[in-house]
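Just below is one structure, and these are the notes that go with it.
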Amino acid sequence: MNIDKKQQGTQLTISLSGRLDTTTAPQLEGELKHSINGVTDLTLDFEKLEYISSAGLRVLLAAQKVMNKQGEMVVRHVNETIMEVFEITGFSDILTIE
Amino acid sequence: MQVLIVEAKLENIPRVTDFVNDSLEALGCPMKVCMQIDIAIDEIMSNIVRYAYGENIGKAEIKVEVTEQPQSVVITFIDSGVPYDPLKAADPDITLSAEERQIGGLGVYMVKKSMDEVEYKYKDGQNILMITKSFGK
């Protein structure tokens, strides 16, 4: 998985490519821990993300909880496979998906 | 039938995924089904690493059997760790808010929802988990 980060003031966009799973989720967790402080608008761009497993959902949930306190989080460009994962797990109700 | 034996470590999960994908690609498995299977592999293998062997490192054996008519794949995961039936756990409550959410159990739940069949048995000191997915028309 690759992580691409763009920050403008308190707006942070993180674009992921590849797979967000058990082996790669710790990378995203580390990146968020490092950069989420003070962010009010977090965008996660999944355009190039192939799929997500429960290890990835765990990181998204943690990020959503942080952003519920300090601003907004949006997930963009979700493919069909990932959308199905969100629907099966009820994450489609927790996340803001655009 | 193709068989792969790896040490049950998190870093070996991509090897298992590649191994299974080789068989799936040869069958012309649709990409969406392939990805659902890849997710299932991630969930099942990470469970084996975490729960079957705990601090120790043991082996995991993965068998892939494909049938042409109808097109389907059966993947069997075998480990010799402590007896662990992932299907026994109650399904997670997927209606809870972010604050109330627990992640535990989501992985197995996703496997149950995305595969056609998931079977577990404990036999001769081995956990045997079998998933079946068909993708024929």
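We did not get these values from a lab; they are worked out from the coordinates using the rules stated. Just so we're clear, the structure is a prediction, and the values are computed from it rather than from any experiment. Note that we place each Cβ from the backbone using ideal geometry, even for glycine, and neighbour counts take in every protein chain shown.
For the reader, a short list of remarks on this structure follows.
- When chain A is treated as a Gaussian network with alpha carbon springs shorter than 10 Å, the biggest mean-square fluctuation among A:THR81, A:THR13, A:THR40 belongs to A:THR81.
- Sorted largest first, extent of the protein assembly as shown alpha carbons per principal axis (Å): 57, 39, 30
- Whole-Hz Karplus values for region B:14-21 come out as x, 5, 5, 4, 4, 4, 5, 4 Hz, taken residue by residue from phi with 6.51 cos²θ - 1.76 cosθ + 1.60 and θ = phi - 60°; glycine and proline positions read x.
- Residues whose amide H falls under 5 Å from that of B:ALA98, counting only those 5 or more places apart or on a different chain, are absent, with hydrogens built in the peptide plane.
- Whole-Hz Karplus values for region A:79-92 come out as 7, 4, 4, 5, 4, 5, 4, 4, 6, 4, 8, x, 5, 5 Hz, taken residue by residue from phi with 6.51 cos²θ - 1.76 cosθ + 1.60 and θ = phi - 60°; glycine and proline positions read x.
- The charge dipole of the protein assembly as shown, taken about its Cα centre with unit charges on the Cβ of Lys, Arg, Asp and Glu (plus for the first two, minus for the last two), comes to roughly 300 debye.
- The residues B:SER97, A:SER54, B:SER72, when put in order of fewest to most other Cβ atoms within 10 Å, stand as B:SER97, B:SER72, A:SER54.
- Applying the Karplus relation 6.51 cos²θ - 1.76 cosθ + 1.60 with θ = phi - 60° to region B:35-51 yields 3J(HN,Hα) values of 5, 4, 5, 4, 5, 4, 4, 4, 5, 6, 5, 5, 5, 4, 4, 7, 9 Hz, where x marks Gly and Pro.
- Directionally averaged projected area (region B:2-134, Cα convex hull): 8.7 nm².
- Here the relative contact order of chain B, from alpha carbon pairs under 8 Å that lie six or more residues apart, stands at 27 percent.
- Residues whose amide H falls under 5 Å from that of A:ASP45, counting only those 5 or more places apart or on a different chain, are A:ILE14, A:SER15, A:LEU16, A:ARG76, with hydrogens built in the peptide plane.
- Kirkwood Rh in Å, taken over all unlike Cα pairs in chain A: 13.2
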